[in-house]
1. Taking interchain pairs and intrachain pairs at least six residues apart, which have beta carbon atoms under 8 angstrom, with the first residue in the range 245-260 and over 12 Å from R350 (Cα atoms) and within 10 Å of the ligand (Cβ to nearest atom) and the second of a type in the set (G, A, S) and open to solvent by less than 10 Å² (accessible area, probe 1.4 Å)?
2. Quick one: V231 ticks every box in (1) within 16 Å of the ligand (Cβ to nearest atom); (2) within 22 Å of E272 (Cα to Cα); (3) open to solvent by 50 Å² or more (accessible area, probe 1.4 Å) except a single one, so which number is it?
3. What are the residues in the range 26-51 that are among the β-branched types (V, I, T) and in contact with a helix residue (DSSP H, G or I) (Cβ under 7 Å, 6 or more places away or on another chain), if any?
4. Condition first: of a type outside the set (D, E) and in a loop (DSSP other than H, G, I, E, B). Now tell me which residues in the range 429-465 satisfy that.
5. Which count do you get for residues in the range 166-191 that are under 17 Å from the mean Cα position of the chain (by Cα) and either surrounded by fewer than 20 Cβ atoms within 10 Å (Cβ to Cβ) or within 15 Å of the ligand (Cβ to nearest atom) (or both)?
6. If only one of A90, A118, A124 is small (G, A, S), in contact with a helix residue (DSSP H, G or I) (Cβ under 8 Å, 6 or more places away or on another chain), assigned by TED's automatic domain parsing to the domain that holds L53 and at pLDDT below 95, which one is it?
7. With the condition kept exactly as written, say whether any residue in the range 134-155 is under 30 Å from G244 (Cα atoms), within 16 Å of the ligand (Cβ to nearest atom) and surrounded by 16 or more Cβ atoms within 10 Å (Cβ to Cβ).
8. Name the residue, out of R286, R299, R205, R247, that is basic (K, R), open to solvent by less than 10 Å² (accessible area, probe 1.4 Å) and farther than 20 Å from G433 by Cα.
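The values are calculated or read from the model by the stated rules, or taken from the named source; none is laboratory data. Because the structure is a prediction, the values reported are computed rather than measured. Glycine gets a Cβ as well: all are built from the backbone with ideal geometry, and neighbour counts include every protein chain shown. Each accessible area value is taken on the protein alone, full model and side chains, heavy atoms only, with ligands, DNA and RNA left out. Shrake-Rupley method; radii C 1.70, N 1.55, O 1.52, S 1.80 Å.
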Amino acid sequence: MAEPTQTQAKVPPAPPATLVIFGATGDLTRRLLMPSLINLTREGLLTDDFHVLGIGIEEGDDEMLRKRIADFHPEKGGEGDTGHGAAWDALSQRIHYMKGDFTDDATFEAVKAKLDEAGTKNAAFYLATASQFFGPIVEKLADHGLMAEAEDGFRRVAIEKPFGHDLVSAKALNAQILAKVAETQVYRIDHFLGKETVQNIMTARFGNMMIEGLWNANFIDSVQITAAETVGIGTRGKFYDATGALRDMVPNHLFQLLAMVAMEAPNSFDAEAIRDEKGKVLKAVRHWTAEQAAEDGVRGQFTAGTLNDADVPAYTDTPDVARDSVTETFVALKLMVDTWRWAGVPFYLRTGKVMAARDTEIVVTFRRVPFAQFASTAQERRPPANRLVVQVQPDEGLRMEISIKQPGLEVATVPVGLDFRYADRFDISKLTGYETLLYDLLIGDQTLFQRADGIEAGWAAVQPFLDVWAEGGRPEPYAPGSMGPDAADALLDRDGRAWHVGVGEAKAR
Ligand code: BG6
């Protein structure tokens with residue numbers, strides 16, 4: 001039978017606009033924003049009316065910024081070129097640079113003059129800066145009239161993470177921003193929402209009766225969300241030591257995954273309906289008492305060791321990290337979601353650096369069948385639980401684990417996996433994940449961006465862990481190339497469960 005063809009409505013190009021990037025000479029712009037803009041240009045989604053105005057504290061002109069980006073992306077066309085070279089040639093002509101201090105009024109006056117001079121109606125300001133600048137830049141943009149929308153134009157601001165440092169600071173930042181601009185103008189980025197597999201969770205659930213029909217505490221035993229990384233801290237010591245694994249990954253990335261898994265069906269697919277449901281479920285994550293947080297949260301810090309045959313110095317020997325640092329590089333949490341649908345179903349979350357493999361996955365474990373009605377099968381040989389594994393990255397895909405009869409005279413069951421891998425059907429490897437976020441920013445679709453209430457609900461749920469760890473103690477040590485400290489295994493073991501072995505971890509073993 002012929003494979004069904006992929007049906008996709010033609011997506012129209014983004015409206016004419018200028019993307020003003022604060023932090024244009026930084027890593028994010030070079031590594032993710034620019035490649036995404038090139039991909040969008042190649043797809044015809046950015047036209048000649050689209051311009052970039054980069055702002056950075058370094059001296060330089062348009063050519064300096066263009067050259068920097070080109071040097072970083074040496075793909076210049078030629079044989080085998082898929083249009084990348086041509087797209088870069090077209091886009092690069094419309095990239096401009098301006099030196100400017102993010103705290104200086106003169107910078108904002110100069111940006112205004114440039115936009116006015118070009119007759120720009122639509123502008124999106126992208127804050128690819130250190131987080132201490134988020135609030136002040138938004139204030140200055142508004143004070144200089146840059147956020148005022150003409151009747152036929154838009155003004156939007158995209159804000160990177162980390163959005164706040166804890167509940168109090170996140171609330172203060174929201175208040176500072178929303179005192180100056182409307183929520184409809186604010187696009188809080190969580191780049192996990194740009195990942196195809198993450199967006200696919202909603203489709204998998206709400207597009208399939210077979211899945212959604214069983215998606216509740218009656219059939220589901222537990223949920224695990226893992227984001228294991230092999231990378232260490234690299235040159236980010238200063239940022240990371242003040243942040244730690246919990247703040248860096250949990251209230252944002254992992255909670256976005258949790259919200260996708262646990263939310264109720266929205267009553268439409270528009271941004272507000274979806275964000276209402278995500279907000280509701282994040283608010284339903286139970287706030288642990290100090291004692292429970294101490295019991296249900298595990299923090300770890302990697303020691304010196306080896307990973308993939310390379311020596312890894314201890315976290316505390318990383319440049320710009322305090323030698324006696326108690327910052328965690330690994331975290332595992334047990335959470336409960338207090339809704340009718342999820343009553344009694346634990347959600348186990350873990351993430352960490354220099355672990356055995358890069359595995360970001362969601363594992364939904366179903367309840368086991370109550371009784372094994374197979375003539376010669378002893379009750380204790382009940383088939384194992386069914387599992388649905390969403391492999392977010394790498395090797396994006398979905399796997400369903402079911403039991404079948406093992407061929408032979410004896411009636412014995414054997415677990416098998418039904419696998420779907422994106423790579424077998426689609427080419428998503430060339431996308432950075434920021435394409436959809438940038439395009440949505442320009443067309444004004446806030447679905448994949450976080451709303452103030454969702455951000456605050458996330459921080460509120462992790463605050464008990466932050467508080468109890470701030471009181472003292474040290475993270476548990478773990479070796480590079482492991483899956484975290486023993487205490488993380490004990491967290492599940494005590495509930496009669498174990499962490500799922502991901503694809504990457506299985507290969508690494
Ligand atoms: C970032 C964190 O937000 O996400 C990093 O600051 C982390 O520490 C990264 O490595 C993970 O993103 P991805 O897309 O590589 O899984």
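1. N252/G458
2. Among (1) within 16 Å of the ligand (Cβ to nearest atom); (2) within 22 Å of E272 (Cα to Cα); (3) open to solvent by 50 Å² or more (accessible area, probe 1.4 Å), V231 violates only (2).
3. Here is the first cut: in the range 26-51, the residues among the β-branched types (V, I, T) are 29, 38, 41, 47.
Matches in the range 26-51: I38, T41.
4. Within the range 429-465, the first condition is being of a type outside the set (D, E), and the residues that meet it are 429-434, 436-439, 441-444, 446-452, 454-455, 457-465.
Scanning the range 429-465 gives S429, K430, L431, T432, G433, G444, Q446, T447, L448, F449, R451.
5. Step one: of the range 166-191, the residues under 17 Å from the mean Cα position of the chain (by Cα) are 187-191.
Retained after the next criterion (residues that are either surrounded by fewer than 20 Cβ atoms within 10 Å (Cβ to Cβ) or within 15 Å of the ligand (Cβ to nearest atom) (or both)): 188-191.
Adding up the residues that qualify gives 4.
6. Numbers: A118 fails: in contact with a helix residue (DSSP H, G or I) (Cβ under 8 Å, 6 or more places away or on another chain); A124 fails: at pLDDT below 95.
Within the list A90, A118, A124, the selection yields A90.
7. yes
8. On the way: R286 fails: open to solvent by less than 10 Å² (accessible area, probe 1.4 Å); R299 fails: open to solvent by less than 10 Å² (accessible area, probe 1.4 Å); R247 fails: open to solvent by less than 10 Å² (accessible area, probe 1.4 Å).
Matching residue, one of R286, R299, R205, R247: R205.
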